[in-house]
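Read through the structure below, which is laid out as structure tokens, and then see the notes.
The values are calculated or read from the model by the stated rules, or taken from the named source; none is laboratory data. Keep in mind that this is a model prediction, so the values were computed, not measured. Every residue, glycine among them, receives a Cβ derived from its backbone with ideal geometry; neighbour counts consider all protein chains shown. Only protein heavy atoms, including side chains, enter the accessible area calculation; ligands, DNA and RNA are left aside. Shrake-Rupley method; radii C 1.70, N 1.55, O 1.52, S 1.80 Å.
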Amino acid sequence: MGLVVAENITKIYSVVATKVSKDYQAGEIAIRALNEVSFEIEPASFVSFVGPSGSGKTTLLNLIGCLDKPTEGKLEVAGTDVLHLDRKQSAAFRGNNLGFIFQDFNLLPVLTVFENIEYPLLMVQNIPGGERKKRIMTLLEAVGMIEQKDKFPDQISGGQKQRVAIARALVTNPKLVLADEPTANLDHKTAFMVLESMKKMRNEFQTTFIFSTHDQKIVGEAEIVYSLEDGELVGKQVKGGEKNA
Amino acid sequence: MRNLFKIAFRNLLRYKRRTLLTASLVTLGIVFVLLFVSITGSFKSMMIGQMTDSMLGHLQVHRKGYLASIDNLPLNLNLKMQAYKKLEGILNQQLEIEAISPRIKFGGMFSTFVETTNIRLNGVYPDRELKTVPLLPSRVTNARGTSLEKGEIWIPELMSKSMKVNVGDTVVIIATNKDGSVNGKQFKVAGVLESITGPGGRDGYIHIDDAMEVLRMEEMEVSEIAIRLKDFGRLQGFSDKLEGILSGELNKQGKPMFEVHTWEKLSPFYNIARMIDIMAFFIKLMLIAIVLISIMNVMIMAVYERIREIGTIAAIGTLPGKILSLFVLEGLSLGVLGVVAGNILGFIIITILNFSKMTFSFGRQTGLILSAQVAPMDMVVISLIVIVISVIASLQPALKASRMEPIKALRHV
Ligand SMILES: Nc1ncnc2c1ncn2[C@@H]1O[C@H](COP(=O)(O)OP(=O)(O)O)[C@@H](O)[C@H]1O
Ligand SMILES: [Mg+2]
């Protein structure tokens with residue numbers, strides 16, 4: 001028993017959200033996009049937030065990704081209280097601790113596959129050349145894009161782009177990778193392949209993955225599934241059993 | 001930094017036509033400015049050279065008050081022997097001076113025994129005059145040499161033509177001295193002077209001893225001393241220095257005896273030279289406007305087109321300062337592209353112009369060969385201006401990009 005307590009104290013959660021709310025000001029009235037959401041996400045987990053459009057998934061991922069601030073509540077990401085970071089500190093925090101995967105892939109069109117993955121190492125972190133190359137090649141290998149490394153984004157398919165984006169998100173060794181609807185622009189087969197890649201990365205690098213989706217078919221890929229409805233957390237599903245929050 | 005440049009450069013290549021158009025605009029602007037500055041510049045220095053080296057000298061010293069009534073060539077405002085000797089002594093000590101030439105200037109009548117007109121005469125020591133205004137001989141035509149002996153006269157082309165007087169003919173000069181007595185003397189025409197714009201169109205030259213004789217001077221008096229410096233570039237500095245030295249020389253009433261004037265005060269061409277400078281300034285101003293507007297326009301578009309890319313790089317942690325530099329470097333590269341092309345093209349065009357030996361006329365002088373010279377300093381200054389302006393032009397769009405909220409930018413379609 002004593003051992004379990006000790007373990008709980010020293011454990012650093014990837015995310016701890018306590019009664020997090022977010023209001024948007026739309027003219028005169030405030031819209032509550034998230035209402036007192038609380039949860040914890042453990043390191044190296046593969047988590048999904050599911051819900052219909054407008055349920056607050058993007059809002060929540062933006063908060064965890066330090067792209068926006070909650071209106072109320074407490075939020076810790078990778079052991080850091082992110083509420084009080086200013087603009088520049090947020091940017092630095094994102095660059096050092098987080099990886100992002102976007103719905104539209106968002107690769108830089110003027111850079112090759114290799115250079116896109118290199119970008120955060122050059123422009124965000126300052127990783128020396130040899131180490132840079134090693135990391136990029138490892139990831140290119142892992143996502144199966146070695147052959148395409150000198151191609152530009154407009155010369156590869158959507159699924160390939162998203163695999164490059166996964167490599168770009170992971171190349172900085174982030175503690176947490178956030179992906180808002182990463183498969184929304186992909187057909188089902190490709191979507192599953194991309195999720196497989198993400199899971200494989202999690203297994204290899206022990207990185208926490210949090211993704212959102214409104215697509216019930218791919219939710220099954222997640223190990224923990226949180227359900228959102230109208231800005232409220234309405235359910236938590238752990239693979240192998242179900243329990244309500 | 002190299003990577004920032006790489007990205008900026010590739011972004012420029014992304015819209016090849018737009019980049020090409022904007023860079024060509026900058027290039028054209030630079031070419032025009034270089035052409036204008038170098039052609040007018042050479043024209044200016046050539047004209048200044050003509051003025052100073054064939055007539056005025058670099059600067060002149062007169063008795064105080066002479067210049068105000070120079071149109072009448074007043075004999076009563078000449079420098080008396082004593083003052084002249086003192087001045088000459090002072091001038092001989094100035095190391096900056098290459099040569100000086102004392103002149104007696106007076107107005108008189110010029111007669112061919114058939115016709116009579118008025119003339120302005122310069123009595124000079126021919127050897128000293130030629131050292132002070134070395135281009136003077138180039139204006140003398142029909143001469144049997146460039147020497148001017150006693151009893152000889154160089155007459156202006158104007159009179160030679162209208163009164164049909166030629167080299168070898170005998171003429172009479174009649175003048176009234178300051179006491180009012182009239183005297184005349186025969187001269188032999190030894191040369192005809194091509195005219196030059198401005199005062200001087202009716203100027204003839206005789207030996208200073210003859211001038212003294214015509215004016216019945218017992219003791220030498222001079223109207224002015226023309227000075228040539230070793231280095232024309234030091235003109236202003238030397239003029240100030242000389243003025244300082246001469247201001248200590250007072251007459252019996254305790255007033256300064258001498259006045260110093262550079263060619264600028266002595267020739268109306270100075271105003272033309274000033275006009276050229278002002279025009280060059282406005283042309284440069286237009287270049288600045290062209291660069292500013294065209295680069296700013298391109299950069300505003302570039303930022304607008306790339307809002308989502310800006311959102312992406314901001315989201316993954318690129319600091320605002322880096323985003324700012326990315327766009328400033330893009331504008332800078334565009335400017336540099338134009339600068340390099342403009343300088344090369346400008347240089348080539350000017351070289352071709354010089355090679356083709358284009359001629360132009362100035363006043364009544366024709367066939368002056370245009371030798372436009374691009375001063376390296378001009379190229380450097382113009383290039384720097386354009387580069388600085390490109391940075392300034394991209395600053396506002398770049399700031400806008402760096403201040404974007406990542407989520408808003410990412411939502412942008
Ligand atoms: N910037 C915003 N301004 C105003 N309302 C917003 C803004 N972003 C989202 N919302 C609102 O917040 C709610 C949740 O939106 P969102 O988080 O985008 O949901 P999802 O990603 O699940 O579709 C919606 O009602 C949406 O209209
Ligand atoms: Mg959404």
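Tabulated data for the structure shown
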| read-out | value |
| --- | --- |
| Unique match (being in a helix (DSSP H, G or I) and open to solvent by less than 10 Å² (accessible area, probe 1.4 Å)) among A:LEU83, A:LEU75, A:LEU63 | A:LEU63 |
| Elements of type strands (runs of 3 or more DSSP E) in segment B:167-272, at least 2 residues being closer than 28 Å to B:ILE155 by Cβ, out of contact with any Gly (no Cβ under 6 Å at 6 or more places or on another chain) and hydroxyl-bearing (Ser, Thr, Tyr) | B:170-176 |
| Residue within segment A:37-53 that is among the aromatic types (Phe, Trp, Tyr), within 12 Å of ligand 1 (Cβ to nearest atom), under 25 Å from A:ASP104 (Cα atoms) and away from every other protein chain (no Cβ under 14 Å) present | yes |
| Those residues of segment A:183-212 which are in contact with a helix residue (DSSP H, G or I) (Cβ under 8 Å, 6 or more places away or on another chain), modelled with pLDDT under 95 and within 15 Å of ligand 2 (Cβ to nearest atom), in sequence order | A:THR183, A:ASN185 |
| Condition check for A:ASN173: within 16 Å of ligand 2 (Cβ to nearest atom), within 14 Å of chain B (Cβ to nearest Cβ) and surrounded by fewer than 18 Cβ atoms within 10 Å (Cβ to Cβ) | no |
| Pick from segment B:56-96, criterion open to solvent by less than 20 Å² (accessible area, probe 1.4 Å) and in a helix (DSSP H, G or I), ranking: nearest to B:GLY237 (Cα to Cα) | B:LEU91 |
| Residue pairs meeting the criteria (Cβ under 7 Å; at least 6 apart or on separate chains; first over 18 Å from A:LEU107 (Cβ atoms) and assigned by TED's automatic domain parsing to the domain that holds B:LEU384, in segment B:292-311; second hydroxyl-bearing (Ser, Thr, Tyr) and part of a helix (DSSP H, G or I)) | B:SER294/B:THR22; B:ILE295/B:THR22; B:ILE295/B:SER390; B:ILE295/B:SER394; B:VAL298/B:THR22; B:MET299/B:SER394 |
| Pair list, Cβ under 8 Å, 6 or more apart: segment B:15-33 residue in contact (Cβ under 8 Å) with a residue 40 or more places away in the chain, other residue among the basic types (Lys, Arg) | B:VAL33/B:LYS284 |
| Pick from segment A:86-124, criterion more than 10 Å from chain B (Cβ to nearest Cβ) and open to solvent by 20 Å² or more (accessible area, probe 1.4 Å), ranking: nearest to the chain's Cα centre (by Cα) | A:GLN89 |
| Lone qualifier among A:ILE101, A:ILE41, A:ILE31 - being under 26 Å from A:GLU232 (Cβ atoms), within 16 Å of ligand 2 (Cβ to nearest atom) and out of contact with any Leu (no Cβ under 8 Å at 6 or more places or on another chain) | A:ILE31 |
| Segment A:58-79, residues that are within 21 Å of A:PRO43 (Cβ to Cβ), away from ligand 2 (no atom under 16 Å from the Cβ) and within 14 Å of another protein chain (Cβ to nearest Cβ) | A:CYS66, A:VAL77, A:ALA78 |
| Residue, surrounded by the most Cβ atoms within 10 Å (Cβ to Cβ), within segment B:122-138, restricted to residues that are among the aliphatic types (A, V, I, L, M) and outside any loop (DSSP other than H, G, I, E, B) | B:VAL124 |
| Subset of segment B:11-25 [within 14 Å of chain A (Cβ to nearest Cβ) and buried (at least 17 other Cβ atoms within 10 Å of the Cβ)] | B:ASN11, B:LEU12, B:THR19 |
| Complete set of residues in segment A:204-221 that are part of a helix (DSSP H, G or I) and more than 20 Å from A:GLU40 (Cα to Cα) | A:GLU204, A:PHE205, A:GLN216, A:LYS217, A:ILE218 |
